[in-house]
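Student: Structure provided below as structure tokens; questions to follow.
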Amino acid sequence: MGPAGTLPGSPGTTDAQPGPAGTLAGSPGTTDAQLGPAGTLSGSPGTTDALYERLARFVGRPAATRGLGKDPVNLPMIRHWCEAMGDAHPAYRGPEAVAPPTMLQAWTMGGLSGHTGRSSAYEELFALLDGAGYTSVVATDCEQEYLRPLRPGDEITFDTVIESVSARKTTKLGSGHFVTTRTDVRAGGELAGTHRFRILKYAPPARPPQASVPPAGPPKASAPAARRPRPVINRDNAGFWEGVAAHRLLIQRCGECAALRFPWLPGCADCGSREWDTVEASGAGTVFSYVVMHHPPFPAFTVSDHAADAAGPYAVGLIELAEGVRMISNVVGVPYDEVRIGMPVRLEFLRADEELELPVFRAGGEG
């Protein structure tokens, strides 16, 4: 969604606004499952070889047939997508425009009203997993293959098949099964691309009961505080981190066309010039988008000054600075569930540990 970097935030399970899904520990090719008595896979609510045999019968069955895109490929949707993603590539504008390849799934989505043509196989598969105790679901990853560009006016059709159901896997979220669907997307009857989408249907591990009485004996020494990962500093971004150390948020400015850019790059994306200087950000901004990080838990990324959030989820925002560029950072000053798109924020610098300071944004500043 935004610039890469090692500012606060980590890949994992999120409540995305709009948000993309990340890969969780325990992909379909890996497992730490152990066989228990009578062939039952350990750590799983009622999963047996017989259950997996039933799940495997769904492989190859259609999940949707002869689906029809609700709208032809069109310039307004392309424009909205590019604005949300901050993609100003000229190929996506004008009379000869093509759609960004990563919009492939967008043309097949049914919205709130859904699609007709969905088969019962997918619902039957989910009901079987639910009945076995795998009642939670999280998206893990997707793969796309692009075979031809999509252009305004293309009518989209698609078919979706259940491509695979994994054996039971153990992940940090819990034990479950990965289910992969493959959607073949066609434009005018011609295959334009494929979209594989993988989810994990899992049973969350039971939480241990909390002790009502503190244990007897002398208090144990507290564990050392978790440290954030160190940013990768190189010749292309060293000036940015020097600015942070001086409590200045510096933005690159092209020496030829004066376009501002963030994150720092060796050349201008607009004109290609390698000449640049910097301007200092005013510190005002707004939340352009955000995610709430739930998993994996990592104490080093707790930045909220609200006690209730000390060990819980936290908000990572895509912040649009007053200067027009966007950057990823934490939103502080309000509970994670009160962060909103359009919320004004103000830059401040967080002392993460004795060696590291990071720019974060406090809610309530004048945007």
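Student: What are the residues whose amide H is under 5 Å from the amide H of Trp276, where those residues sit 5 or more places off or on another chain and H is modelled from the backbone?
Tutor: Answer set, sorted by chain and number: Gly255.
Student: Heavy atoms only, probe 1.4 angstrom, no DNA, RNA or ligands counted: give me Tyr336, Tyr202, Tyr134 ranked by accessible area, highest first.
Tutor: The residues order as Tyr336, Tyr202, Tyr134, largest area first.
Student: Same structure, new question: Compute, for segment 50-177, the length of the dipole vector about the Cα centre, with Cβ point charges of +1 (Lys, Arg) and -1 (Asp, Glu) only. Units Debye, rounded to 20.
Tutor: 240
Student: Per-residue accessible area for Tyr122 at 1.4 Å probe radius, Å² rounded to 10?
Tutor: Result for Tyr122: roughly 50 Å² accessible.
Student: Given the whole protein assembly as supplied and a 1.4 Å probe, what does the accessible area of Phe262 come to in Å², nearest 10?
Tutor: The value for Phe262 is about 40 Å².
Student: Show which aspartates and glutamates lie in cross-link reach of Lys70 when reach means a straight Cα distance below 18 angstrom and same-chain residues fewer than eight apart are skipped.
Tutor: Straight-line reach from Lys70, under 18 Å: Asp154, Glu155, Asp159, Asp184, Glu190.
Student: Roughly how many whole Å is it from the C-alpha centroid of segment 107-128 to that of segment 129-143?
Tutor: So the two Cα centres are separated by 15 Å.
Student: In terms of Cα to Cα distance under 18 Å, which aspartates and glutamates are near enough to Lys201, apart from those fewer than 8 places away along the same chain?
Tutor: Within the straight-line cut-off, Lys201 pairs with Asp15, Asp32, Asp49, Glu53, Glu123, Glu124, Asp130, Asp141, Glu163.
Student: What's the extension gain from Arg248 to Glu323 if we count 0.36 nm per residue and subtract their Cα-Cα distance?
Tutor: Additional length available on full extension: 25.6 nm.
The values are calculated or read from the model by the stated rules, or taken from the named source; none is laboratory data. Computed from a predicted structure; not experimentally measured. Glycine gets a Cβ as well: all are built from the backbone with ideal geometry, and neighbour counts include every protein chain shown. Each accessible area value is taken on the protein alone, full model and side chains, heavy atoms only, with ligands, DNA and RNA left out. Shrake-Rupley method; radii C 1.70, N 1.55, O 1.52, S 1.80 Å.
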